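See below for the structure under consideration.
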Amino acid sequence: MAYASLAAHAQHRDRYASTVIDHAQRALAHRQPGEARSATFDAISLATGYALDGQPDLVARHGRHAVDLASGGASQRAYDRLHTMAVLAAGNHHPRRA
């Protein structure tokens, strides 16, 4: 979450967006059955990282996964983060970094 907050600022985006993606991928890959709530937040973080990195196709794929996970009874905090991710994705005009 801290890296996503940093990456949300244009001056830090190039440095931290890929870190958000990397950390979220690793966290999601290590989730065990019974950790659905944490997996939901990891999926949201992953989609957010892709939004910050300017990769709309991956935002769409991982955002749908996050919504699917959240539909199983997510908290208000999860819905708030989904909303933030959606706003970032909708306003994302950053080209993918080379």
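The values are calculated or read from the model by the stated rules, or taken from the named source; none is laboratory data. Remember, it's a predicted structure, so these values are computed and weren't measured experimentally. Don't worry about glycine lacking a Cβ; one is built from the backbone with ideal geometry, like all the others, and counts go over all protein chains shown.
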### Query
If you take the residues of region 22-48 that are more than 14 Å from residue 83 (Cα to Cα) and among the small types (Gly, Ala, Ser), which of them is farthest from the chain's Cα centre (by Cα)?
34
### Message
Within region 44-59, does at least one residue satisfy the condition of being of a type in the set (D, E, K, R), closer than 18 Å to residue 27 by Cα and assigned to a helix (DSSP H, G or I)?
### Response
no
### Query
Counting only residues that are part of a helix (DSSP H, G or I) and basic (Lys, Arg), which one in region 18-43 is surrounded by the most Cβ atoms within 10 Å (Cβ to Cβ)?
37
### Message
Yes or no: region 6-22 includes at least one residue that is basic (Lys, Arg), at pLDDT 90 or above and in contact with a helix residue (DSSP H, G or I) (Cβ under 6 Å, 6 or more places away or on another chain).
### Response
no
### Residues within region 54-76 that are more than 12 Å from the chain's Cα centre (by Cα) and free of Cβ contacts under 8 Å to residues at least 12 places away in the same chain, tallied
5
